[in-house]
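Working notes, structure below.
We did not get these values from a lab; they are worked out from the coordinates using the rules stated. On a predicted model such as this, the values are computed, not experimentally measured, just so you know. Note that we place each Cβ from the backbone using ideal geometry, even for glycine, and neighbour counts take in every protein chain shown.
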Amino acid sequence: DGEVYKYYADGEWKTSSSGKSVAIINPATRKPQYKVQACTQEEVNAVMEMAKSAQKSWAKTPLWKRAELLHKAAAILKDNKAPMAESLVKEIAKPAKDSVTEVVRSGDLISYCAEEGVRILGEGKFLLSDSFPGNDRTKYCLTSKIPLGVVLAIPPFNYPVNLAVSKIAPALIAGNSLVLKPPTQGAVSCLHMVHCFHLAGFPKGLISCITGKGSEIGDFLTMHPAVNCISFTGGDTGISISKKAGMIPLQMELGGKDACIVLEDADLDLVASNIIKGGFSYSGQRCTAVKVVLVMESVADELVEKVKAKVAKLTVGPPEDNSDITAVVSESSANFIEGLVMDAKEKGATFCQEYKREGNLIWPLLLDNVRPDMRIAWEEPFGPVVPVLRISSVEEGINHCNASNFGLQGCVFTKDINKAILISDAMETGTVQINSAPARGPDHFPFQGLKDSGIGSQGVTNSINLMTKVKTTVINLP
Ligand code: G3H
């Protein structure tokens, strides 16, 4: 109906002076669904000034009051699931049920963060000088955690609400202010989410949500001198952000090529279910998706048969119908996935299903007998395509995993816990799951990538700590 969603600044909903908007295309219908404001660099400057000044008084707001407001926001968010879930369906084609789950998980994350914050920020340390050689007990050192200032949060399209609050809640409980730049696909869901924080009654200017084109305000935001920390989740844009950003803490999660190593003694039914869940949920558009299966040759045929049978049961269609497989986020993404599939075809991979695509909708595909010379063995499709590489030794599997530029998560399936631990130690990834598919949650677990998968650790506790600095006061006795 031509309505353009307003952006949020200074505790109000505003129209950009640019007079321009950015269209959000529904991935399933490929028609324009929503429009958001195309904010200007001047508007970014104004938001940063507000964030700087609001943070000063927020840092002095008692910790229990900050927690109370976050609990309130969490409750409002859960009570208002519907508009967020609906826009998640429309702008990122997330299946309806999963969209609701994303919002509920986000509410839980905010509450957990408030609780964890009062504990870890409510404690400091007391050190005595005479434990260090040459010192008498004449210095008492008091430490506490103080906020960084303004945190810039940039979540990705695949979890616009959840990966926004996983940055917002730790930033706020720790006494920082927050500027949110949502992904274009997912912006409306983010605006609804920000509205819940607005209703909770946070001080004006403390939270802002600025929408617009990355090409116009992206670098301007990430290089802005007022920004004291960037928390980014997304693709390799993160690597260029890290090169341009100033001397500030960075928290980045930039994708993965999570390997699933399957040993001969593995419970193959369990493996098959986890390949389905890990490889195909949200059509493979998760950084922690199973992106390559490395299975011992002797059990490969049996495993492939089991996975094939389960793939046949996946439903394909509109997100409104809770289809398992829905359209991928954009046409360029679908084209990229198709490129990987065609490369594998030319080089002789075995197609367990026929390749099928309609618009942005790609049918689930299992590729067997993938070899290291195929792009799909190394690249991240971010779509419903799972390659299987047959290995003749566990070392071969570990070597493939470690030859990747990515190092987010991985998983190993075996009944031998000793082997599992040794393999976990050998895999160069931030997390290894034993006998389950990779996953970020529960959201208080540490979550971090090695190599090109990112910098800094996430998870509620780690995020709070990352968004603070240690301040010490030393009492010198006469
Ligand atoms: O896409 C990246 C997310 O951090 C993955 O989260 O494991 O809960 O799907 P998830």
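Among the listed pairs LYS60/LYS204; LYS6/LYS181; LYS65/LYS139, a Cα-Cα separation exceeding 24 Å is found for LYS65/LYS139. Sorted fewest first by neighbouring Cβ atoms within 10 angstrom, LYS244, LYS310 come out as LYS244, LYS310. Sites listed here are GluC sites (Glu not before Pro) in segment 32-80 whose DSSP assignment is loop and whose Cβ has at most 16 other Cβ atoms within 10 Å, and the list is empty. In this Cβ point-charge picture (+1 for Lys and Arg, -1 for Asp and Glu), segment 65-115 has a dipole of about 80 debye about its Cα centre.
Which shape class, rounded, prolate or oblate, goes with segment 159-221 when its Cα gyration tensor gives a ≥ b ≥ c as root eigenvalues, a/c under 1.5 marks rounded, and past that a/b bigger than b/c marks prolate? In terms of gyration-tensor shape, prolate. For segment 196-331, the dipole from Cβ point charges (+1 on Lys and Arg, -1 on Asp and Glu) about the Cα centre works out to 740 debye, to the nearest 20. For segment 1-29, the residues whose backbone nitrogen is under 20 Å from a point 7 Å from the Cα of GLN353, taken along Cα to Cβ, are 27-29.
How large is Rg/Rh for segment 1-159, to two decimals, with Cα atoms and a Kirkwood Rh? Radius of gyration relative to Kirkwood radius: 1.12. Model label sites at LYS60 and GLU264, defined 7 Å from Cα along the beta-carbon direction, differ in position by 7.0 nm.
Computed over the Cα atoms of segment 368-465, the ratio of the radius of gyration to the Kirkwood radius (Rg/Rh) comes to 0.98. Go ahead and run the numbers for FRET between ASN322 and LEU128, Cβ-Cβ distance against an R0 of 56 Å, rounding to 0.05. With R0 = 56 Å, the Cβ-Cβ based efficiency is 0.40. Projecting the alpha carbon convex hull of the chain along each direction and taking the average yields 24.6 nm². In segment 7-53, the alpha-carbon atoms span a convex hull of 84 Å³ per residue. Ordering SER215, PRO160, PRO183 by Cα displacement along the dipole of segment 141-279 toward the positive end leaves SER215 in first place; charges were set at the Cβ atoms of Lys, Arg (+1) and Asp, Glu (-1). List the DSSP H helices in the chain whose Cα atoms stretch 27 Å or more along the helix axis and whose mean Kyte-Doolittle hydropathy is at least -0.5. Helices meeting the span and hydropathy rule in the chain are 96-121.
Among the trypsin sites (Lys or Arg not before Pro) in segment 113-164, those located in a DSSP loop and surrounded by at most 13 other Cβ atoms within 10 Å of their own Cβ are ARG137.
Put a plus charge on the Cβ of each Lys and Arg, a minus charge on the Cβ of each Asp and Glu, and nothing anywhere else: the dipole of the chain about its Cα centre is then about 1640 debye.
Towards the positive end of the charge dipole of segment 85-166, with charges on Cβ (+1 Lys, Arg; -1 Asp, Glu), say which of SER144, GLY134, ALA114 has the farthest Cα. Going by the charge dipole, the pick is GLY134.
With 26 Å as the limit, the listed pairs LYS97/LYS313; LYS94/LYS167; LYS90/LYS306 have LYS90/LYS306 beyond it between alpha carbons.
So what's the convex hull volume per residue for the Cα atoms of segment 281-343, in Å³?
114 Å³
Contact order for the chain, expressed relative to its length and based on alpha carbon pairs under 8 Å spaced 6+ residues apart, stands at 18 percent. Placing unit charges on the Cβ atoms of the charged side chains and taking the dipole of segment 338-478 about its Cα centre, the candidate lying farthest along the positive direction among ILE417, GLY454, PRO478 is PRO478.
Each of ILE325, ILE217, ILE120 has some number of other Cβ atoms within 10 Å of its Cβ, and from fewest to most they run ILE120, ILE217, ILE325.
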